[in-house]
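Derivation of every value follows stated rules applied to the coordinates shown; laboratory data play no part. What you are looking at is a predicted structure, and each value in this text was computed from that prediction instead of being measured. Positions of Cβ are backbone-derived with ideal geometry, glycine not excepted, and every protein chain shown enters the neighbour counts.
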Amino acid sequence: MTESFSTRLNNAMALRELKQIDFVRAAEKFNIKLGKSHMSQYVSGKNVPRADIAHFLAAYLHVNEDWLMGADVPMEEHAANLPEPSDEPLQHDDATTEQSTEGKKTMRTFTKSHKLDNVLYDVRGPVADEAARMEAAGTHILKLNIGNPAPFGFRTPDEVVYDMSQQLPDTEGYSPSKGLFSARKAIMQYAQLKNIPNVSIDDIYTGNGVSELINLSLSALLDNGDEVLVPSPDYPLWTACVNLAGGTAVHYICDEDSEWYPDIDDMRSKITDKTKAIVIINPNNPTGALYPKEVLQQIVDLAREHQLMIFSDEIYDRLVMDGLEHVSIASLAPDLFCVTFSGLSKSHMIAGWRVGWMVLSGNKRLAKDYIEGLNMLANMRMCSNVPAQSVVQTALGGHQSVKDYLVPGGRIYDQRELVYNMLNDIPGITAVKPKAAFYIFPKIDVKKFNIHSDEQFALDLLHDKHILISHGGAFNWHEPDHFRVVYLPRISMLKETIGEIGDFFSTYWQA
Ligand SMILES: Cc1ncc(COP(=O)(O)O)c(C=O)c1O
């Protein structure tokens with residue numbers, strides 16, 4: 001089994017007795033742009049370097065560059081060499097040059113955009129990469145990391161599949177950029193049922209999943225330096241897309257001691273004159289929380305006081321348990337401008353078909369110009385997948401078979417009970433009971449296990465038990481004391497896996 005880049009970097013640094021700052025200083029001498037934050041991202045495994053930086057790191061460590069990047073080759077054989085120190089000023093060009101093996105010709109290499117410097121999406125990051133490497137080497141991995149229902153036997157309702165097949169021949173062309181009339185009409189009626197005010201058919205945009213629309217809605221809004229309040233923990237696409245659009249994601253805390261509800265005082269304290277919007281994720285990924293009306297009302301009051309837009313990600317709105325009811329925050333804010341996101345990936349278990357939508361509501365006059373921007377971007381991507389749109393009407397109407405999963409005897413309900421009880425029975429682990437979705441975000445007593453890196457914990461669990469979970473840091477949670485479990489697998493597999501996690505913690509002491 002091969003180690004990850006960050007493990008190898010850390011090992012080689014320890015061997016050569018080098019600190020992060022040594023690399024930063026040395027890089028300056030060689031005219032290489034390498035900041036402290038880059039170094040710390042490499043060391044923590046949050047990012048891997050571009051080719052030119054990897055070459056420099058390997059040369060400075062005097063190790064084989066391929067070995068450093070994770071290849072199965074000896075560490076010191078053909079160790080990379082440092083170029084001559086340079087007196088030239090630092091280059092800020094995106095295209096960098098590297099010496100060819102003959103040392104004569106310089107080769108242009110292509111690096112990723114600096115716009116991605118602050119973008120992290122660790123749910124599919126280094127730990128998942130390591131799991132993929134292990135799988136490729138023949139190890140069976142138990143996966144509790146991705147909210148993708150189909151592989152766990154959650155099937156799309158037959159009627160939805162049938163209707164897609166019937167409509168396939170009629171969905172070959174582009175649709176209007178916001179989507180098919182029938183799909184948008186059904187979404188509009190759904191918005192009416194949720195009491196979302198002032199929604200016409202023009203206020204509905206379909207997308208290739210909510211993911212596309214998160215990106216689109218933030219790209220249309222943000223100028224460099226604009227701030228958006230995003231929850232911590234969050235579904236990390238929100239933070240990533242705010243930063244990619246040039247904005248700054250400012251995290252407000254969701255409070256584990258209050259059922260993981262947003263901490264309103266913390267939210268208030270983070271508002272500045274650059275804040276444009278508040279993002280809420282309700283029901284929440286990764287905590288499984290469902291926000292009651294009183295909490296939503298306080299967020300609306302805050303948005304009203306500071307004239308902020310509200311983005312509400314409600315993709316799990318139909319996956320609610322314990323007889324509770326989901327309230328759309330937009331229904332409480334007719335005088336504010338709100339954008340509500342949902343789709344069929346989770347409630348209808350068709351994540352692969354990529355069906356999402358967003359609904360503009362409330363006081364749209366406040367956002368006339370922004371809506372022009374949304375329309376431009378929606379037009380530029382032509383339209384979302386048309387065969388997938390053709391089933392929205394079927395999916396949203398009639399019997400909602402997903403409800404059967406959410407009551408005692410139903411898979412999601414029973415799996416939640418099992419996971420919640422088994423995790424809380426592990427000494428050193430506590431978890432708030434999720435009310436919705438299919439995630440739980442347990443807390444680890446870090447002192448008991450000497451945990452200082454949650455990512456290292458995730459890697460250790462992966463190596464030791466072949467179980468893949470997501471560490472809290474992947475959700476922009478800034479303490480190393482949480483992890484997320486997806487409880488979609490069947491009871492028998494969950495029993496075995498959580499049992500193994502308990503066994504792991506019975507002896508774990510982080511090095
Ligand atoms: C909170 C949240 N929003 C959005 C998405 C993306 O959904 P989609 O499949 O519609 O792109 C996910 C997926 O896990 C999610 O958890």
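Which of rounded, prolate or oblate describes the range 158-396 when judged by the alpha-carbon gyration tensor and an a/c cut-off of 1.5?
Verdict is prolate for the range 158-396.
Give me the base-10 log of I(q)/I(0) for the chain at each q in 0.07, 0.08, 0.10 Å⁻¹, Debye formula, one uniform scatterer per Cα, rounded to two decimals.
The Debye formula, applied to the Cα set alone, gives -0.43, -0.56, -0.87.
Can you give the charge dipole size of the range 429-511 about its Cα centre, rounded to the nearest 20 debye, using +1 on the beta carbon of Lys and Arg and -1 on the beta carbon of Asp and Glu?
420
Which net charge results for the neighbourhood of GLY70, defined as the other residues with beta-carbon distances under 12 angstrom from its beta-carbon, given Lys and Arg at +1 and Asp and Glu at -1?
Result for the neighbourhood of GLY70: -4.
State the antiparallel share, in %, of DSSP beta bridges confined to the range 158-396, rounding to the nearest 5.
40
When Lys and Arg each count +1 and Asp and Glu each count -1, what net charge do the other residues less than 13 Å away from ASP464, Cβ to Cβ, add up to?
Local charge sum for ASP464: -3.
In 10 Å bins starting at 0, how do the alpha-carbon pair distances of the range 196-243 split up by percent?
Reading upward from the zero bin: 22, 45, 31, 3.
Restricting the count to DSSP beta bridges whose residues both fall in the chain, what percent are antiparallel, rounded to a multiple of 5?
The antiparallel proportion sits near 55 percent.
Please give the net charge around PHE475, taking every other residue with its beta carbon less than 11 angstrom from that of PHE475, where Lys and Arg add +1 and Asp and Glu add -1.
-2
So what's the range 364-466 giving for Rg/Rh, alpha carbon basis, Kirkwood Rh from the mean inverse pair distance?
1.18
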